[in-house]
Amino acid sequence: MASRRGRCSASVTTTCSRSARSGAVHRRCLDGGTEQRGQDFYDGTNGVREYLRWKVAPWYQGDAIAGLVIHSENITAQVETTRQLAERERMIRDLFERSPFGLNVADSTGRWLDANPALLALIGYTAAEAIGLTYAQLTPRRYDADDARQLDQLQQQGRYGPYEKELVCKDGRLVPVRMNGFRVDREGTSYLWFLIEDLTSQRALEARLEEAQIGAIHASKLAMMGELACTG
């Protein structure tokens with residue numbers, strides 16, 4: 001804090017922003033007002049920008065205003081931390097939106113709070129329609145027991161998977177998926193995150209390979225039968 005009678009505030013503190021040291025602010029405060037700003041900045045002599053919060057108020061001697069009280073607090077570290085957190089949040093959001101894999105987050109009861117475009121495209125729901133859904137609504141009943149075991153593992157160990165099953169799309173189609181899940185506890189609240197991989201192409205490839213293998217075995221058997229017939 002700086003408070004001096006009969007001196008310019010610029011000579012009292014050099015670590016105040018131009019706003020806090022402006023003549024207009026001082027005149028209003030000398031007239032009895034109080035002014036403050038939660039975040040302001042000044043550029044230091046070394047060229048580095050510093051952030052602060054400040055307050056200017058009248059300084060009284062008896063009933064008369066005799067000067068000003070200027071209080072400033074350097075909040076550069078807090079501002080930088082907030083900036084870094086915002087940048088991290090932006091990067092996470094970009095990853096969420098652009099991921100080729102399905103991603104979504106649910107509350108501790110399993111109700112969806114958000115789903116990324118890849119997952120929405122997979123199941124055929126809009127973003128608005130997906131809010132409040134649960135995986136129980138999208139899963140055939142034959143997976144109930146397996147789902148219960150996976151969710152219990154998620155609650156007990158904080159993660160589950162990889163776990164393969166099918167999801168029911170909005171149009172009724174069944175799509176094979178591989179799922180991983182993990183729990184994030186933040187400020188006393190638990191969130192469930194899920195990563196969903198579409199196995200449709202993999203299953204189609206596996207079916208073609210199996211078909212080719214069966215065809216090869218069948219052809220081999222026919223060849224053997226032909227050889228036996230010739231030798232007989």
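Taken together, the criteria place residue 122 among residues that are in contact (Cβ under 8 Å) with a residue 24 or more places away in the chain, part of a helix (DSSP H, G or I) and not aromatic (Phe, Trp, Tyr).
For the range 102-119, a residue qualifies if it is among the polar types (S, T, N, Q) and closer than 15 Å to residue 177 by Cβ, and the qualifying residues are 104, 116. Can we say residue 50 is touching a Ser or Thr at 6+ places or on another chain (Cβ under 6 Å), among the acidic types (Asp, Glu) and at pLDDT below 90? It is true that residue 50 is touching a Ser or Thr at 6+ places or on another chain (Cβ under 6 Å), among the acidic types (Asp, Glu) and at pLDDT below 90. Pairs are defined by a Cβ separation below 9 Å, a sequence spacing of at least 6 or placement on different chains, a first member in the range 88-108 that is surrounded by 14 or more Cβ atoms within 10 Å (Cβ to Cβ), and a second member that is hydroxyl-bearing (Ser, Thr, Tyr) and part of a loop (DSSP other than H, G, I, E, B); the pairs so defined are 106/134.
Do the conditions hold for residue 175, that is, is it surrounded by fewer than 17 Cβ atoms within 10 Å (Cβ to Cβ), on the phi < 0 side of the Ramachandran plot and either in a loop (DSSP other than H, G, I, E, B) or β-branched (Val, Ile, Thr) (or both)? Lay out the reasoning, then the answer.
Details: surrounded by fewer than 17 Cβ atoms within 10 Å (Cβ to Cβ): no; on the phi < 0 side of the Ramachandran plot: yes; either in a loop (DSSP other than H, G, I, E, B) or β-branched (Val, Ile, Thr) (or both): yes.
So residue 175 fails the test.
Residues satisfying the criterion are present in the range 50-57 (criterion: surrounded by 13 or more Cβ atoms within 10 Å (Cβ to Cβ), among the acidic types (Asp, Glu) and outside the structural domain of residue 159 (by TED's automatic domain parsing)).
Can we say residue 205 is modelled with pLDDT of 65 or more and assigned to a strand (DSSP E or B)? Spelling it out, it is not the case that residue 205 is modelled with pLDDT of 65 or more and assigned to a strand (DSSP E or B).
When restricted to residues that are without any contact (Cβ under 8 Å) to a residue 24 or more places away in the chain, exposed (fewer than 15 other Cβ atoms within 10 Å of the Cβ) and assigned to a loop (DSSP other than H, G, I, E, B), the range 125-158 contains 3.
Taking every residue in the range 57-79 that is in contact (Cβ under 8 Å) with a residue 12 or more places away in the chain and more than 14 Å from residue 36 (Cα to Cα) and pairing it with any residue that is of a type in the set (Lys, Arg) and assigned to a strand (DSSP E or B), at least 6 positions away or on another chain, the pairs with Cβ-Cβ distances below 6 Å are 75/53. For the range 72-87, indicate whether the set of residues that are in contact with an Asp or Glu (Cβ under 7 Å, 6 or more places away or on another chain) and closer than 30 Å to residue 23 by Cβ is non-empty. Yes, the conditions are met somewhere in the range 72-87.
The values are calculated or read from the model by the stated rules, or taken from the named source; none is laboratory data. Please read all numbers here as calculations on a predicted model, not as lab measurements. Cβ atoms come from the backbone with ideal geometry, glycine included; neighbour counts cover every protein chain shown.
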